[in-house]
Amino acid sequence: MVKKLLTIAGSDSLSGGGIQADLATFNEFGYFGLSVITGIVTVTNDNFKIYPTDLKIIQAQLDSTLALDDIAAIKVGLLPTVDIIDLVVEYLKKVEVPVIVDPVMVFKETDSTNTYFLVQAIKNQLLPLATVATPNLDEAQLLSGLTIKSLDDMKAAAKVIGSFGVESVVVKSGARLAGNQTFDLLFHNNHYTIFEQEKVMSNIPMNNGAGCTFSSSIAANIVTSSITDAVADAKAFVLAGIENGVILNKNFEVGNVWQAARRLRNN
């Protein structure tokens, strides 16, 4: 029987990230994807808007999907309000499968009050239920309260985030740190593993959706692999998607990760 993976996340109108990227990733790894939509994100070349889903609709989706058999893992992405976090947490307390949390925090810079309460809810309620958390540098800074400018800073932040109860933390540098290398840092069992690769240089970065695709890849891999192997393969999967990304149009300065890239490149 084909096993299932569940994504609890937002919908991205341009399919760069969110449930669209998650479901495409699940399919590439041979899993049947299920989804709970927590919000709708509309994206233009210079702005985005988030429309949170009504709590009753989220609850109905959770009741529907979690009633099924053979769910092998759950990936959690955008939870745009504290009330939505509270609701999802109540359901996650009842599951006994790996939970991969991509702590997506997409805010306007002026929305500091809302940011504070969301960060607290993620730290205190969601992360203690997580098998793996995959924050990028911005998210790791918000969760740890530390400024990250180096690999040593990433290590310090990962250790703080691990103290919230999550089993494994992967902090992603992306292209943000100085130099020609990118780093993903895994903190597991009080041990650090560093994954390093050269930055992908292109006129149009094809990295929209990289974070969602990465965490979904880990969700697919963790079912049958160690956390170290799961992260390594997720990195390779995302790299192929970036190197063969999808251009949106001339108005966008970034393109989308293409989840089918590795399979089609290898054929």
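The numbers here are math on the coordinates, done by the rules we state, and not lab data. Bear in mind the structure is a predicted one, so any value in this text is a computation, not a measurement. Reconstructed Cβ throughout: ideal geometry from the backbone, glycine too, with neighbour counts over all protein chains shown.
Observations, loosely collected:
- Highest-fluctuation residue, F29, F237, F164 considered, GNM on the chain with Cα pairs under 10 Å: F29
- Per residue, the convex hull volume that the Cα atoms of segment 114-183 enclose (Å³): 73 Å³
- Between the listed residues V238, A261, S216, the Cα displaced farthest toward the positive end of the dipole of segment 169-267, a dipole computed from Cβ unit charges relative to the Cα centre, is found at A261.
- Distant-in-sequence amide H partners of L34 (H built 1.01 Å from N, under 5 Å): L5, L6, T7
- The GNM of the chain, with springs linking C-alpha atoms under 10 angstrom apart, assigns the highest mean-square fluctuation among S173, S64, S217 to S64.
- About the Cα centre, charge dipole magnitude for segment 134-233 (Lys/Arg +1, Asp/Glu -1 at Cβ), debye: 200 debye
- Highest average first, the peptides 184-197, 44-57 ordered by how many other beta carbon atoms sit within 10 Å of their residues are 184-197, 44-57.
- Antiparallel bridges, percent of DSSP beta bridges restricted to the chain (to nearest 5): 45 percent
- When +1 charges are put on Lys and Arg Cβ atoms and -1 charges on Asp and Glu Cβ atoms, the dipole computed for segment 1-97 relative to its Cα centre reaches about 60 debye.
- Segment 75-161: trypsin sites (Lys or Arg not before Pro) in DSSP loop, at most 16 other beta carbons within 10 Å: K93, K94, K108, K149
- Reference-scaled alpha-carbon Rg (2.2 N^0.38 Å with N residues) for segment 118-265: 1.04
- Relative intensity of the chain on a log10 scale, I(q)/I(0) at q = 0.08, 0.10, 0.12 Å⁻¹, equals -0.28, -0.45, -0.67, per a Debye sum over C-alpha point scatterers of equal strength in the absence of solvent.
- If only the Cβ of Lys and Arg carry +1 and only the Cβ of Asp and Glu carry -1, the dipole of the chain around its Cα centre is close to 260 debye.
- Per residue, the convex hull spanned by the Cα atoms of segment 57-105 measures out at 71 cubic angstrom.
- Positive end of the dipole of the chain (Cβ unit charges, origin at the Cα centre): among V99, V160, N203, the Cα lying farthest that way belongs to N203.
- For segment 173-206 versus segment 2-68, the gap between their alpha-carbon centres in whole angstrom: 26 Å
- Signed unit charges on C-beta, dipole axis of segment 104-256, positive-most listed residue G179, P128, L248: P128
- With q set to 0.08, 0.12, 0.20, 0.21 Å⁻¹, the log10 of I(q)/I(0) for segment 30-170, from the Debye formula over equal scatterers at the Cα positions, is -0.23, -0.51, -1.29, -1.38.
- Cα pair count fraction exceeding 16 Å, expressed as % - segment 1-92: 53 percent
- Relative contact order computed over segment 1-84 (Cα-Cα under 8 Å; 6+ residues apart), in percent: 39 percent
- Ranked by the mean number of other Cβ atoms within 10 Å of their residues, highest first, the peptides 140-146, 248-254 fall in the order 140-146, 248-254.
- Note on segment 1-51: the C-alpha convex hull projects to 3.4 nm² when averaged across all orientations.
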